[in-house]
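The structure appears right after this line, and notes come after that.
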Amino acid sequence: MPRKSLQTLSEPMYYVLLALTKELYGTEIMNEVRRISGGRIKIGPGTLYTMLDKFYTADLIKRTNKSLTTKSYIITEEGKRVLKAEYARLSTLILDGENIMEVLE
Amino acid sequence: MKLFNKEKNTITAPFTFNYTELTAIEEYLTEQEQRGLRLKEIDGKSFVFEKAEPRTVRYCAEIYTGSFSVDFKATCENESWECVGVYNKELFVFRTENEDAVDIMTDDKEKMKIVGKRALLKPGNLFWFYYPIMQIVRFLMDFDGTNYVFIEINQSNPYYYLTISFLILILSFPLFILVDYFVWLCKAKTATKKGERIPFHNLKQANKKRKIRYVLLLILIAVIVRFNSFVDGGFAVNQVKLSRNIQFSGVIYWLFFVIAVSCVFLGSDSVVPEKIWQNKKKTVQCIVLSLCFLVLTVSVIDDNERKAEIINYNGAPITFKDFGYSGMLQDDRTTIKATRFAQQKRCNINLRKELPDESTDSVLMYEVFVSDFSDLREKYIEKVFEEHDIIKEEAEVIIGSETKWDVQYKVKTVDNAHIGMAVKDNTIVCTVMPFHADGYDFFEVAYEKLFPENE
């Protein structure tokens, strides 16, 4: 089931969903992911569109027409919910480890 | 193999790669580029090259099966990857002169999943599994030797020992594809776990595997043509000589039937070139045509009046003419059945002209059944008695020394028909005669014909 497979997001998926909080098309998504991650995450077009297919099937994004010639994408409400849940999960991971990491230091 | 088109100044080469050979595809195209052949397009199942000045380019072959192929191509082009061609709507071939162009697929784990899923379903692969699976099913069904096409199962006949070899041969080609696939899949999973690049086969490996596939494919075709029985479509080594038309139509029958099954289960572009089967209407036409061919071929090969010569283990044919019946039809009305476990020849003769009295029941039948398997012979005997509503224990039984046969069964039925059965080693002769004359001499003559060296 597509939704179950997207309960937790991989790093590239997370950044792509972050990027799609704005309406963007293919190349813009790749550039935005690079920008948000400080150049750390580089996604190729093949990987990007494989992800977009999964997101689209799971209703996490929708297609829009930013211009007459290009198809663009933007996150849906469901996508925002999943993104927030992932953010909360990652935050929990950090919080849970904070005290222990302080001790280690 | 390349075909040169003089008019268009292009060269066509078949696409013979598997999806586990993406690296090999890239190396192959790069090699052609260096030889002055640039990939112009992918036309159906072929590469089309045009002559051009060699350039330093990078090729990239990727599989994309999603719904956004147009956007995908456009984005690739923005990243300086020119889409040169698409194979089977899912394998995209790109080219770039930019050495720093970003890789198209950067997630190896995802790439492995996609390739792993599509590699086995590549057009034509499952085609080669259909025939062996079907033959194995028939092999198992053939064990009931009385209902299927028979073969000569003389133990001195080398074909007897080829049964297992035959199975191994027809399975070797699809097994090679499967083993090759799963070995690659294991290596790919291990590599992605370690964070290494997926080990797609390179050009050298791909060429080697292609040669092995061709050899196994030739063996498979040779075995199919030589050994397959098209009589009743059974899986048997066919010792019965049939007309070439029947064998040829059998080949056509299988070809079209398999195409139909592939179209039904895999879609219209699974077996034939894309250009031919572009819509469902044509797929339906293909299936209907295949079914018509199936019916036509089955009706042809089910012709009981065909001439056939069956060679029994003593090499002597046996017909009613051998028993001195005059005035009968030139052609025996025979039914021949064979599997690898038994063979059977039945003659039904209408002797209305020859009757000494005015009996209306004029069908004279005799049957020869040969099997090395005692349980099949027992089953046959039971079946004959059951067919004629006879209780075996009520039959007159004559054993061994009183007759040249090991045992003889004789039954006189209510309507005065005589049923006789004689057994010797692995041979059973059975007769059903509507009149008394020659009812018992038959077996003496039959014995002389079947076992001449024992006289």
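The values are calculated or read from the model by the stated rules, or taken from the named source; none is laboratory data. Every value quoted in this text rests on a predicted model; they were computed, and no experiment measured them. Positions of Cβ are backbone-derived with ideal geometry, glycine not excepted, and every protein chain shown enters the neighbour counts. Ligands, DNA and RNA are excluded from the accessible area calculation, which covers all protein heavy atoms including side chains. Shrake-Rupley method; radii C 1.70, N 1.55, O 1.52, S 1.80 Å.
A:Tyr49: under 25 Å from B:Asp103 (Cβ atoms), open to solvent by less than 30 Å² (accessible area, probe 1.4 Å) and part of a strand (DSSP E or B), yes or no? Please lay out each step first, then the result.
Working: under 25 Å from B:Asp103 (Cβ atoms): yes; open to solvent by less than 30 Å² (accessible area, probe 1.4 Å): yes; part of a strand (DSSP E or B): no.
So A:Tyr49 does not fit the description; no.
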**OP:** Please go through the stretch B:80-101 and pick out each residue that is crowded, with 18+ Cβ neighbours inside 10 Å and free of Cβ contacts under 8 Å to residues at least 24 places away in the same chain.
**Re:** B:Trp81
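Residue-by-condition table, conditions (1) within 23 Å of B:Asp103 (Cα to Cα); (2) at pLDDT below 90:
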{"residue": "B:Phe176", "(1), (2)": "no, yes"}
{"residue": "B:Thr190", "(1), (2)": "yes, no"}
{"residue": "B:Gly195", "(1), (2)": "yes, yes"}
{"residue": "B:Ser229", "(1), (2)": "no, yes"}
{"residue": "B:Gly234", "(1), (2)": "no, yes"}
{"residue": "B:Ser243", "(1), (2)": "no, yes"}
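Select, from A:Leu9, A:Leu18, A:Leu95, A:Leu90, the only residue that is in a helix (DSSP H, G or I) and under 24 Å from B:Thr75 (Cβ atoms).
Criteria check complete, one pass: A:Leu18.
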Original post:
For the stretch B:72-81, does any single residue satisfy the condition of being modelled with pLDDT under 90, within 14 Å of another protein chain (Cβ to nearest Cβ) and under 18 Å from B:Val115 (Cβ atoms)?
Top reply: no
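Evaluate the following for B:Glu62: is it touching a Lys or Arg at 6+ places or on another chain (Cβ under 9 Å), touching a residue at least 12 places away in the same chain (Cβ under 8 Å), at the interface with another protein chain (Cβ under 8 Å from one of its Cβ atoms) and not aliphatic (A, V, I, L, M)? Please lay out each step first, then the result.
Details: touching a Lys or Arg at 6+ places or on another chain (Cβ under 9 Å): yes; touching a residue at least 12 places away in the same chain (Cβ under 8 Å): yes; at the interface with another protein chain (Cβ under 8 Å from one of its Cβ atoms): yes; not aliphatic (A, V, I, L, M): yes.
Yes, satisfied.
Given the criterion open to solvent by 20 Å² or more (accessible area, probe 1.4 Å) and either assigned to a loop (DSSP other than H, G, I, E, B) or within 11 Å of another protein chain (Cβ to nearest Cβ) (or both), identify the matching residue among A:Lys42, A:Lys62, A:Lys80. Talk me through it step by step, then tell me what you get.
On the way: A:Lys62 fails: either assigned to a loop (DSSP other than H, G, I, E, B) or within 11 Å of another protein chain (Cβ to nearest Cβ) (or both); A:Lys80 fails: either assigned to a loop (DSSP other than H, G, I, E, B) or within 11 Å of another protein chain (Cβ to nearest Cβ) (or both).
Going through A:Lys42, A:Lys62, A:Lys80 in turn, just one is open to solvent by 20 Å² or more (accessible area, probe 1.4 Å) and either assigned to a loop (DSSP other than H, G, I, E, B) or within 11 Å of another protein chain (Cβ to nearest Cβ) (or both): A:Lys42.
Looking only at the stretch A:28-39, which residues are over 17 Å from A:Lys80 (Cβ atoms) and open to solvent by less than 20 Å² (accessible area, probe 1.4 Å)? Explain how you work it out, then say what you get.
Of the residues in the stretch A:28-39, the ones over 17 Å from A:Lys80 (Cβ atoms) are A:28, A:30-31, A:33-35, A:37-39.
Of everything in the stretch A:28-39, those that are over 17 Å from A:Lys80 (Cβ atoms) and open to solvent by less than 20 Å² (accessible area, probe 1.4 Å) turn out to be A:Met30, A:Val33, A:Ser37.
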**OP:** Identify all residues within the stretch A:24-39 that are assigned to a loop (DSSP other than H, G, I, E, B) and more than 14 Å from chain B (Cβ to nearest Cβ); write none if there are none.
**Re:** A:Gly38
Subject >> The one condition in (1) assigned to a helix (DSSP H, G or I); (2) open to solvent by 30 Å² or more (accessible area, probe 1.4 Å); (3) in contact with a Gly (Cβ under 9 Å, 6 or more places away or on another chain) that B:Glu110 fails to fulfil >> reply: (2)
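Considering only residues that are more than 36 Å from the chain's Cα centre (by Cα), more than 14 Å from chain A (Cβ to nearest Cβ) and open to solvent by 10 Å² or more (accessible area, probe 1.4 Å), which ones fall in the stretch B:37-58?
Quick first cut of the stretch B:37-58, residues more than 36 Å from the chain's Cα centre (by Cα) only: B:37-40, B:49-58.
Next, only the ones that are more than 14 Å from chain A (Cβ to nearest Cβ) stay: B:37-40, B:49-57.
B:Leu37, B:Arg38, B:Lys40, B:Glu50, B:Lys51, B:Ala52, B:Glu53, B:Pro54, B:Arg55, B:Thr56, B:Val57 - these are the residues of the stretch B:37-58 that are more than 36 Å from the chain's Cα centre (by Cα), more than 14 Å from chain A (Cβ to nearest Cβ) and open to solvent by 10 Å² or more (accessible area, probe 1.4 Å).
Can A:Tyr56 be described as within 14 Å of chain B (Cβ to nearest Cβ) and either farther than 25 Å from B:Ser69 by Cα or assigned to a helix (DSSP H, G or I) (or both)? Reasoning before the result, please.
Numbers: within 14 Å of chain B (Cβ to nearest Cβ): yes; either farther than 25 Å from B:Ser69 by Cα or assigned to a helix (DSSP H, G or I) (or both): yes.
For A:Tyr56, the condition - within 14 Å of chain B (Cβ to nearest Cβ) and either farther than 25 Å from B:Ser69 by Cα or assigned to a helix (DSSP H, G or I) (or both) - is met.
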Subject >> Qualifying residues in the stretch B:414-425 (those that are open to solvent by 30 Å² or more (accessible area, probe 1.4 Å) and not hydrophobic (A, V, I, L, M, F, W, C)) - the one modelled with the highest pLDDT >> reply: B:Lys424
